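Okay, so here's the structure we're looking at.
The values are calculated or read from the model by the stated rules, or taken from the named source; none is laboratory data. What you see is a predicted model; the values in this text were computed from it and never measured. As a convention, Cβ positions derive from the backbone with ideal geometry for all residues, glycine included, and neighbour counts pool all protein chains shown. Calculation scope for accessible area: heavy atoms of the full protein, side chains included, ligands and nucleic acids excluded. Shrake-Rupley method; radii C 1.70, N 1.55, O 1.52, S 1.80 Å.
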Amino acid sequence: IEQALLTHSCTGALEMAALVLDLGPGDEVILPSFTFISTATAFMRAGATPVFCEIDPATMTLNVADAASRVTERTKAIVAVHYGGVAADMSAVMALAEEHNLQVIEDAAQGIDASRDGRTLGTIAPLACLSFHETKNIHCGLGGALLINDSALVDRATTIWERGTNRRQFFKGLVDKYSWVDIGSSFYPSELQAAFLMAQLEGLGADLAHRAKVWTCYHDGLKGLEEAGKLRRPVVPAGCESNHHNYWVRLNSPAQADTFREYLNANGVHAVIHYVPLHDSTMGEKLGYSADSLPITQVAAGSLIRLPMHFKLTPAEADQVVAVIASFFK
């Protein structure tokens, strides 16, 4: 990493990325439809157009072959979203970007300390964004970071971070006074947020170890149900090291997933859906999409249910969740 800039949110980091890369009207940015809203709105605020692509249902991350089919002469960037602590296929993403001269941004909001092929998520693409929202492995209430891995982008990124001024050069003694030199905004977190985050970072190892135990309880406990064709478990591809951010299962249809979720909640298990695909939204419709525009994503997202996963959840409680799931299928 050439530079890491703390931000008030991952949304802020994504918005900074759009500014650093000079994305604007007429530019297209390819991203998976199965992601949080900020992945799209950050680039729309800069004037660019999001182009949604399919996901790989095994990992719920970007389908690179489908993304490639959506590249046009207006495509300027591609956003690789790492879902649930499991990496997108970054080798394929970077190869696609090189072939078409595209910029790449890693949306590593859920990817802290996970890796693929020995490389930590957030260090592969020229720009990457982290989240320290309260729902993430570690947090400061609300926070984020922009990671700059291309030295050619450092000066512009720091200027934008400094509200469009050369304030950093002033503190280094390179200029006598700082002034307005570029666009920018107030992307800082507060010092209190940073201090809180520092303590969380010190406990990251313990958090990851605990999550791995709970994740493994789920994964081992649900193996038989997957083998019986009752549900699908998440896939961690070879070469990936997960941070076990969440644990999800996919049912055989969206209708079954709704019944499954209601049953778990009625039996003391807080089970929830995750993202409603962006193409299947009011804004997605305004952008020209409909529910059947991305059928693979539509079915996979509608069939996915997240199970409880947090630092205070015990392996024994995870086993209880598995027992409730087994009772559903009986």
**Asked** Out of the DSSP beta bridges found with both residues in the chain, what percent are antiparallel (nearest 5)?
**Response** 60
**Fill in**
Per-residue accessible area, 1.4 Å probe, largest first, puts Glu73, Glu2, Glu227, Glu106 in the order Glu73, Glu227, Glu2, Glu106
**Prompt:** Given the stretch 70-182 reduced to its alpha-carbon atoms as identical point scatterers, what log10 I(q)/I(0) does the Debye formula return at q = 0.11, 0.16, 0.23, 0.24 Å⁻¹?
**Reply:** -0.46, -0.84, -1.17, -1.21
**Solvent-accessible surface (1.4 angstrom probe) belonging to His133, in square angstrom, nearest 10** = 60
**Message:** Can you tell me the mean projection area, over all orientations, of the convex hull of the stretch 257-330's alpha carbons? Units nm², please.
**Reply:** 6.2
**Asked** Considering the stretch 45-88, what Rg and Dmax in Å follow from its alpha-carbon atoms?
**Response** 11.5, 33
**Prompt:** Would you list Tyr218, Tyr188 from the most to the least accessible area, probe 1.4 Å?
**Reply:** Tyr188, Tyr218
**Request:** Write down Rg/Rh for the stretch 129-209, rounded to two decimals, with Rg from the C-alpha atoms and Rh from the Kirkwood relation over Cα pairs.
**Result:** 1.07
**Message:** Less than 20 Å from a label point 7 Å out along the Cα-to-Cβ axis of Glu262: which backbone N atoms in the stretch 208-239 qualify, by residue?
**Reply:** 231
**Fill in**
Rounded to one decimal in nm, the spacing of the 7 Å Cα→Cβ label points at Ala326 and His270 is 2.5
**Message:** Averaging over every viewing direction, what projected area does the convex hull of the Cα atoms of the stretch 109-247 cover, in nm²?
**Reply:** 11.0
**Request:** For the chain, report the translational diffusion coefficient in µm²/s to the nearest whole number, using Stokes-Einstein at 20 °C, 1.002 mPa s, and a Kirkwood Rh over Cα pairs.
**Result:** 104
**Prompt:** Given a Förster distance of 22 angstrom, what is the FRET efficiency for Glu134 paired with Ala195, based on the Cβ-Cβ distance and rounded to 0.05?
**Reply:** 0.85
**Request:** Kyte-Doolittle cut-off -0.5, length cut-off 20 Å along the helix's own axis using Cα: show which whole DSSP H helices in the chain pass.
**Result:** 204-221, 315-329
**log10 of Debye I(q)/I(0), alpha-carbon scatterers only, for the stretch 13-128 at 0.10, 0.16, 0.17, 0.20 Å⁻¹** = -0.24, -0.64, -0.73, -1.04
**Helix-derived mean residue ellipticity, 222 nm - over the chain, DSSP H n ≥ 4, -39500 (n - 2.57), to 500** = -11000 deg cm²/dmol
**Item:** Relative packing of 107-118, 174-185, which averages over residues the other C-beta atoms within 10 Å, highest first
**Value:** 107-118, 174-185
**Item:** Taking N as its residue count, the alpha carbon Rg of the stretch 1-41 over 2.2 N^0.38 Å
**Value:** 1.27
**Complete:** Using a 1.4 Å probe on heavy atoms of the protein chains only, the accessible area for Met283 in Å², nearest 10, reads 90
**Request:** Extending each Cα 7 Å along its Cβ direction at Glu2 and Lys213, get the distance between those two points in nm, one decimal.
**Result:** 4.2
**Prompt:** So how far apart, in nm, are the two label points at Leu142 and Arg70 if each is 7 Å from Cα heading toward Cβ?
**Reply:** 2.8
**Asked** Which whole-number value in Å³ per residue fits the convex hull of the alpha carbons of the stretch 80-122?
**Response** 57
